[in-house]
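Quick notes on the structure that follows.
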Amino acid sequence: MHVMVLGAGVTGVTTAWYLRKAGFDVSIVDRQAAAGLETSFANGGQISVSHPEPWANPSAPLTALRWLGREDAPLLFRPHAQRDQWQWALSFLFECLPWRTRRNTEAIARLAVHSAERLRELREETGIRYDQLERGILHLFFSAQTFGDAPRRAAELHHLGIAAEVVSAEECVRIEPALAASRAELVGGLYAPDDESGDAHCFTQALAARLPELGVQVHLNTTIERLSSAGGRIDGIEVRDVAGRTGTLSADAYVLCLGSHSRQLMAPLGEHLPIYPVKGYSLTAPVIDPAHAPEVSLTDESRRIVCSRLGDRLRIAGTAELDGYNTTPREERGRMLLEWAQNRFPGAIDPATATLWAGLRPATPGNVPIIGRSAYDKLWYNTGHGTLGWTLACGSAAALAELISGRRPTPDFPFR
Ligand SMILES: Cc1cc2nc3c(=O)[nH]c(=O)nc-3n(C[C@H](O)[C@H](O)[C@H](O)COP(=O)(O)OP(=O)(O)OC[C@H]3O[C@@H](n4cnc5c(N)ncnc54)[C@H](O)[C@@H]3O)c2cc1C
């Protein structure tokens, strides 16, 4: 049976890998010249099993109101006339109900635990390297009020089978000595020792490079213009290459892994996927003073900024904007990330050669990805991974391969 994977970001490439390992004939299609060049290109680098709680939680509406109109707000809503954006925002509010948050958190946590295990296995099997560090993630609190919630979060994580301990400001500096300059402002932390970090783009490219060796056919520079359907079944994809030549590719089954663009391809078929592109930024800077740059991956809980050491680079990422499909980075957002890094780790990075990037998180309102069957025969979904696509990639792909093989995947998750 030939399965065609649509999209070669971290989700599509891992999907192709696990499908091939499950014995399917596999091909993969992407419009870019290489794998992992869109949202999987420069994310925060965190394998963040310890952050299953979605943005949509009971405190989110009030927090968003407080931030309204502030250009430096971690979450910025730029209202458009499009119905999609408003519909998504309303669904987001629904997902903020306590029982929805609990359901979503638990589903994401189970998938994340499973995914981290699959990632470790895959790393052992392939030996691929992607500037990964197994030093855990330290969540940082700079206000007594937010730190007050840390014991509840630690208890919830324990309940979900995820190791996390509340630590004092001194212990934060012991875990990550580069935090010494922030000691006076730090109130405490939440340390998840089993979390990891690494470069999702390097990982995606390294895994994609192995696909042809396994017999996977790779179609790059190939834009999918339309999915063609007849009688409730997908019977091909209409494509265009860089020279403008058009054609149709077909297979026995298709898996949609088009990230934020999944919705656009499905809308003409009358299927409205609840995915909105939530824009985020990252800044990557060379480390010039390794002793003062962190190695433990960090999450600043008040600013919603994450930071990961990727070899001799430091990646700082964060912010969320609801601003349509626009990927142009705004300078002020970059400045904010740079200031954060320079305040926290004075002299550690070279600001002059830092690169700013913006990407679109394929976010569902509750941050729970869409994995499983579509309403169309022969079409499957593995998309909508939002803020956690790197964390959830291996687990989602392994589960999808199980589903197509007719088996029940291991994690208890609302598969379609
Ligand atoms: C600033 C930022 C920080 C983040 N930090 C983290 C983090 O620390 N940890 C974490 O787990 N996650 C993080 N994420 C989220 C994570 O990066 C995404 O969830 C993940 O990259 C999504 O992967 P994907 O493969 O689904 O989408 P993509 O990487 O966007 O892949 C989709 C692919 O489909 C292709 N495509 C689209 N349309 C077409 C078409 N019409 N024809 C052909 N090809 C097409 C694209 O070229 C692309 O290669 C972050 C995201 C952002 C923006």
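Just so you know, all these numbers are worked out from the coordinates, no wet-lab data involved. Please read these numbers as outputs of a predicted model, since none were measured by experiment. Please note: Cβ atoms are built from the backbone with ideal geometry, for glycine as well, and neighbour counts cover all protein chains shown.
Some notes on this structure:
- Annotation: peptides 289-299, 252-262, ranked by per-residue average of other Cβ atoms within 10 Å with the highest first, follow the order 252-262, 289-299.
- A simple packing score, the average count of other Cβ atoms within 10 Å per residue, orders the peptides 82-95, 127-140, 199-212 as 199-212, 127-140, 82-95, with the highest score first.
- Here the scattering of the stretch 331-384 is modelled by Debye summation over its C-alpha atoms, one equal scatterer each and no solvent; at q = 0.23 Å⁻¹ the log10 of I(q)/I(0) is -0.89.
- In the chain, the calculated helix contribution to ellipticity at 222 nm averages -9500 deg cm²/dmol per residue, counting -39,500 (n - 2.57) for every DSSP H run with n ≥ 4.
- Note on the stretch 153-298: semi-axes of the ellipsoid equivalent to its C-alpha gyration tensor, largest first and rounded to whole Å, are 45, 21, 16.
- Charge sum, other residues only, whose C-beta stays under 12 Å from Glu402's C-beta, Lys/Arg counted +1 and Asp/Glu -1: +4
- With the biggest extent put first, the Cα atoms of the stretch 232-352 measure 58, 29, 26 Å across the principal axes.
- Per-residue 3J(HN,Hα) values for the stretch 270-281, derived from phi via the Karplus relation 6.51 cos²θ - 1.76 cosθ + 1.60 with θ = phi - 60°, read x, 9, 9, 6, x, 10, 10, x, 9, 6, x, 10 Hz in sequence order (x marks Gly and Pro).
- Shown in residue order for the stretch 32-49 are the 3J(HN,Hα) couplings computed by the Karplus curve 6.51 cos²θ - 1.76 cosθ + 1.60 at θ = phi - 60°: 7, 7, 8, 6, x, 9, 9, 5, 7, 6, 9, 7, x, x, 8, 9, 9, 5 Hz (x for Gly and Pro).
- Charge tally in the Cβ shell below 10 Å around Gly9, where Lys, Arg are +1 and Asp, Glu are -1, Gly9 excluded: -2
- Fraction of beta bridges assigned by DSSP in the chain that are antiparallel (%, nearest 5): 70 percent
- FRET efficiency, 1/(1 + (r/R0)^6) with R0 22 Å, evaluated for Asp412 and Glu121 via beta carbons: 0.65
- GNM flexibility winner over the chain from Arg373, Arg183, Arg66 (Cα, springs under 10 Å): Arg66
- At q = 0.13, 0.17 Å⁻¹, base-10 log of I(q)/I(0) for the stretch 305-416 (Debye sum, equal scatterers on each alpha carbon): -0.67, -0.90
- The chain - percent relative contact order, Cα under 8 Å, separation 6 or more: 27 percent
- The value obtained for the stretch 65-157, namely the Cα convex hull volume divided by the number of residues, is 201 Å³ per residue.
- Altogether, the Stokes-Einstein calculation at 25 °C and 0.890 mPa s, with the Kirkwood radius of the stretch 1-103 over Cα pairs as Rh, returns a diffusion coefficient of 143 µm²/s.
- Choice from Ala267, Ala107, Ala251 with maximal GNM fluctuation in the chain (Cα, 10 Å cutoff): Ala267
- Here Gln32 and Glu332 are evaluated by their C-beta separation; at R0 = 22 Å the FRET efficiency comes out at 0.20.
- Stokes-Einstein translational diffusion, the chain - Kirkwood Rh over all Cα pairs, 1.306 mPa s, 10 °C, in µm²/s: 73 µm²/s
- For the chain, built as a Gaussian network whose Cα springs stay under 10 Å, the top-fluctuating residue of Ala42, Ala144, Ala164: Ala144
- The spread of Cα positions in the stretch 105-179, taken along each principal axis and listed from longest to shortest, comes to 44, 32, 13 Å.
- Relative compactness, the stretch 166-242, computed as alpha-carbon Rg over 2.2 N^0.38 Å: 2.10
- Highest mean first, the peptides 6-17, 351-362, 307-318 sorted by other C-beta atoms within 10 Å per residue fall in the order 6-17, 307-318, 351-362.
- Cα centroid of the stretch 96-159 to Cα centroid of the stretch 219-250, whole Å: 37 Å
- Whole-number percent relative contact order across the stretch 114-220, with pairs defined as alpha carbons under 8 Å at least 6 apart: 38 percent
- Three principal axis lengths of the stretch 209-248 [C-alpha, angstrom, descending]: 36, 26, 10
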